[in-house]
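Trainee: I'd like to ask some things about the structure below.
Any read-out appearing in this document is the output of simple, stated calculations on the displayed coordinates, not a laboratory observation. No experiment lies behind these values; they were computed from the predicted model shown. In this analysis, Cβ positions are derived from the backbone assuming ideal geometry, glycine residues included, and neighbour counts consider all displayed protein chains.
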């Protein structure tokens, strides 16, 4: 089989991201070649992999039992690919599904090119009238946030629910003003929430939320829940948010989320707690107010929704938001545009906290 050389960004050992040489098959019948133009960095997931703090590199994952344990080897290094927010140009095509010259959003990692089989992989068209960089949100990051809304919808209206059912005319708190939190908050506004508040400890990130037209409260002391309960009163002994989208990978934010809920409210959890959750006390508000926590991850939509809510359907909802708020998202969320060649150094700086920012995007210069 003919093969083509590509470059990919991986991790050779904990703390050591690097540019690696790899190969891809040349496109055969029914396939196409996509040359990468933009690839977004996920500061949470990728930094965990660079540091080696993710659970699969600390514990053994049993895919049959779907559980972690210390009785077996963890995943090893090198990690040959990172990333899941790519935009590329179809430069060769042997399929009617993808036309040469078209721009597509995919999730294939930080690599300079990819052989694509559209029958097996979603390649979502990036509209010509949209900033192509924003296409990084179409394949996975945006769908992650839409899936959060779906979990809220299923919680109140079951598997036949529309995507807006969990937020429309409801009081919504979002904990965490990272990219996922801000996109989720914008989706909640876009889909008719009665009110949306973002709780975030960082003043810089609160400023970004406010620049996007969102209300923001300081949670640096873990007390944002009190501001929310004082703001939203529904009746005697009934204060707080109808639903909280927990979008920050810190257990103190989950504690805030639970305390901010009105009785029988739900936390839709998009967080990733690498250090566990010792600050969460399930014998307090969770128990006394009859609360619920549901984990919303992109690997699955709510039970019973998989047929209707494919990755393409999730991307379509994302595109609707990008059409409405794309200029603001580009202006306020994308804080760094970096050459692909400098990607490993940039990731190392993120992992050691020498750099911050919200959304970094790597730009691939054609060979």
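Trainee: Considering only DSSP beta bridges with both partners in the chain, what is the antiparallel share in %, to the nearest 5? Numbers along the way, then the final one.
Mentor: Working: 39 of 66 bridges.
Counting DSSP beta bridges with both partners in the chain, the antiparallel share is about 60 percent.
Trainee: Let me ask another. Evaluate the range 13-148: find the radius of gyration of its Cα atoms, find its Kirkwood radius, and give the ratio Rg to Rh. Spell out each step's value before the answer.
Mentor: Numbers: Rg = 16.9 Å, Rh = 16.5 Å.
Expressed as Rg/Rh, it is 1.03.
Trainee: Can you compute the helix-only [θ] at 222 nm over the chain? Use -39500 (n - 2.57) per DSSP H run of at least 4 residues, normalise by all residues, nearest 500 deg cm²/dmol.
Mentor: On the way: 9 runs with 98 residues, N = 367.
Computed mean residue ellipticity for the chain: -8000 deg cm²/dmol.
Trainee: Using only Cα positions of the range 186-331, each an equal point scatterer, no hydration layer, compute I(q)/I(0) via Debye at q = 0.12, 0.13, 0.17, 0.19 Å⁻¹ and quote the log10 values to two decimals.
Mentor: Listed by q, the Debye log ratios stand at -0.56, -0.66, -1.11, -1.32.
Trainee: Give me 332, 250 ranked fewest to most by other Cβ atoms within 10 Å of their Cβ, as a rough exposure proxy.
Mentor: Ascending Cβ contact count within 10 Å gives the list 332, 250.
Trainee: Right, another one. Figure the gain on full extension for residue 226 and residue 306 (residue separation times 0.36 nm, minus the Cα-Cα span) and round it to one decimal in nm. Mind dumping the intermediate values first?
Mentor: On the way: separation 80, 0.36 × 80 = 28.80 nm, distance 3.71 nm.
Result: 25.1 nm gained on full extension.
Trainee: Taking 30 Å as R0, compute the FRET efficiency from the Cβ-Cβ separation of residue 299 and residue 331 and round it to 0.05.
Mentor: Details: r = 31 Å, r/R0 = 1.04.
Between residue 299 and residue 331 the formula returns 0.45.
Trainee: Classify the range 251-356: rounded, prolate or oblate, from the alpha-carbon gyration tensor (a ≥ b ≥ c, eigenvalue square roots; a/c under 1.5 rounded; otherwise prolate if a/b is larger than b/c)?
Mentor: On the way: a/c = 2.18, a/b = 1.34, b/c = 1.63.
Oblate shape, in that a/c is at least 1.5 and b/c is the bigger or equal ratio.
Trainee: Take the Cα of residue 341, step 7 Å along the line toward its Cβ, and report every residue of the range 3-25 whose backbone nitrogen sits under 18 Å from that point.
Mentor: Counting backbone N atoms under 18 Å from the label point, the list is 6-10, 18-22.
Trainee: Could you give the length gained by full extension between residue 120 and residue 16, i.e. 0.36 nm per residue of separation minus their alpha carbon distance, to one decimal place? Write out the running numbers ahead of the final one.
Mentor: On the way: separation 104, 0.36 × 104 = 37.44 nm, distance 3.20 nm.
Here the answer is 34.2 nm.
Trainee: Okay, next question. Can you pull the one-decimal nm distance between simple spin-label points at residue 68 and residue 323, each 7 Å off the Cα toward Cβ?
Mentor: 4.0
Trainee: Within 10 Å of each residue's Cβ, count the other Cβ atoms and sort 60, 247, 115 from fewest upward. Write down the numbers at each step before the final one.
Mentor: Numbers: 60 15, 247 31, 115 21.
Ranking 60, 247, 115 by Cβ neighbours within 10 Å, fewest first, gives 60, 115, 247.
Trainee: Let me have the relative contact order for the range 142-295, percent, based on Cα pairs under 8 Å that are six or more residues apart.
Mentor: Working: 341 pairs, mean separation 30.4, N = 154.
After rounding, I find 20 percent.
Trainee: Still on this structure, please answer the following. Provide Rg and Dmax in Å for the chain, with only Cα atoms included in the calculation.
Mentor: 20.8, 71
Trainee: Return 106, 130 ranked ascending by Cβ neighbour count within 10 Å, so the fewest neighbours appear first.
Mentor: Working: 106 24, 130 16.
Ranked by crowding around the Cβ, least crowded first: 130, 106.
Trainee: Whole angstrom only: what separates the Cα centroid of the range 307-367 from the Cα centroid of the range 255-283?
Mentor: For the range 307-367 versus the range 255-283, the Cα centre distance is 27 Å.
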